[in-house]
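Asker: Would you mind keeping the following structure in view while I ask a few things?
The values are calculated or read from the model by the stated rules, or taken from the named source; none is laboratory data. Everything quoted here is computed from the prediction, not taken from an experiment. Methodologically, a virtual Cβ is constructed for each residue, glycine included, from the backbone with ideal geometry; neighbour enumeration extends over all protein chains shown. To get the accessible areas, we keep the full protein, side chains included, count just its heavy atoms, and leave off ligands, DNA and RNA. Shrake-Rupley method; radii C 1.70, N 1.55, O 1.52, S 1.80 Å.
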Amino acid sequence: MALMTLILLGTGAEAASEKARFDVYLQGQKQGDLRVQGREKGAKYSAELRLKIKGDMPFTVEAKVQGQLVDAAYVPVKYTEKRTDADGKTGVTITYPEADGPPSVARRGEAAPHWLMPEAGTGLADPATVLWQLMQSRLPEAACNLDLRMFDGARILRLRTLEPAPRGPSITCNGNLFREKGFSDEELEVFDIVNFVIEYAPVRGGLMQTSRINLDLPQGRVILVRR
């Protein structure tokens with residue numbers, strides 16, 4: 001499945017790069033931060049993220065991807081992820097074939113019985129590519145039209161943004177993150193969908209930049225505020 005065609009920051013051989021850092025609040029208290037950055041040059045792109053949460057259940061996630069721009073679509077080539085939490089360290093590397101076909105998945109840590117085989121991720125993006133598309137600056141008419149499915153090496157999720165609404169000079173979108181496949185019954189009982197609201201604020205060149213995201217999780221409301 002080809003990724004959704006988007007209006008991109010850069011064209012041709014021009015290099016386009018962007019960095020964003022967000023404070024993460026849980027139930028009104030600052031609990032960590034999220035850093036996202038991406039770069040596009042010619043027919044290639046790269047993106048990386050780092051999420052660090054403190055508090056009672058601290059964890060850190062670091063992920064990065066390298067890929068190609070094909071007909072204005074993001075096509076990952078290699079994705080790596082490292083996670084550290086109370087249970088120790090885990091990680092995954094997803095390598096994508098040059099032609100259509102399933103990716104190869106190598107992971108650190110034991111696989112759960114309900115996780116999907118690599119074939120399930122054929123044609124799907126990785127989490128870093130999807131998050132980069134969500135976070136990057138864009139033209140107002142492209143602020144709320146994402147519909148992307150991702151494969152993290154074990155599970156499939158779908159992310160949507162829709163229903164653009166002006167709020168002064170800013171634009172807000174409603175969004176959903178669905179747990180589609182590869183999750184246990186217990187995980188789906190906790191939640192099968194996360195609803196969120198993302199706000200874009202105007203910046204240079206008529207673009208809109210992600211400024212705030214509100215997510216409703218079982219643990220409470222999580223708010224990301226751009227520094």
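Asker: Using a/c under 1.5 as the rounded threshold, could you call the chain rounded, prolate or oblate? The axes a ≥ b ≥ c are square roots of the C-alpha gyration tensor eigenvalues, and prolate needs a/b larger than b/c, oblate otherwise.
Answerer: Note, shape of the chain comes out oblate.
Asker: Here's another thing I want to ask about it. Can you compute the modelled spin-label distance between R227 and K19, with each label point 7 Å from Cα toward Cβ, in nm?
Answerer: Placing both labels 7 Å along Cα→Cβ, they lie 0.9 nm apart.
Asker: Show me, for segment 50-57, the HN-Hα J-couplings you get by feeding each phi into the Karplus relation (A = 6.51, B = -1.76, C = 1.60, θ = phi - 60°), rounded to Hz, glycine and proline as x.
Answerer: 9, 10, 10, 10, 9, x, 5, 10
Asker: Under a 5 Å amide H to amide H cut-off, with H placed in plane at 1.01 Å, what residues pair with G42 once short-range neighbours are removed?
Answerer: The list, which skips near neighbours in sequence, is E14.
Asker: Taking θ as phi - 60°, what are the ³J(HN,Hα) couplings along segment 64-74 by the Karplus curve (6.51, -1.76, 1.60), each to the nearest whole Hz, with x for Gly and Pro?
Answerer: Listing the rounded values in order: 8, 9, 10, x, 10, 9, 10, 6, 6, 10, 8 Hz.
Asker: Check E180: other-chain or 5+ apart residues with amide H under 5 Å from its amide H, H built from backbone geometry?
Answerer: The answer is I156, L157, R158.
Asker: Further question: Can you tell me the accessible area per residue over the chain, all protein chains present, probe 1.4 angstrom, in square angstrom?
Answerer: Normalised by residue count, the accessible surface of the chain is 54 Å².
Asker: Run the reach check for K64 against lysines, Cα to Cα strictly under 16 Å, same-chain hits fewer than 8 apart removed. What comes back?
Answerer: K19, K44, K52, K78, K82
Asker: While we're looking at this one, here's another question. With a 1.4 Å probe and all protein chains kept in place, how much accessible area does V203 have, in Å² rounded to the nearest 10?
Answerer: Per-residue accessible area (V203): approximately 50 Å².
Asker: Still on this structure, please answer the following. Using a 1.4 Å probe on the protein chains only, how many percent of the accessible area of segment 18-226 belongs to carbon and sulfur?
Answerer: 51 percent
Asker: In whole Hz and in residue order, list the ³J(HN,Hα) couplings for segment 111-117 that follow from phi through the Karplus curve 6.51 cos²θ - 1.76 cosθ + 1.60, θ = phi - 60°; x for Gly and Pro.
Answerer: Once rounded to whole Hz, the list reads 7, 7, x, 8, 5, 8, 7.
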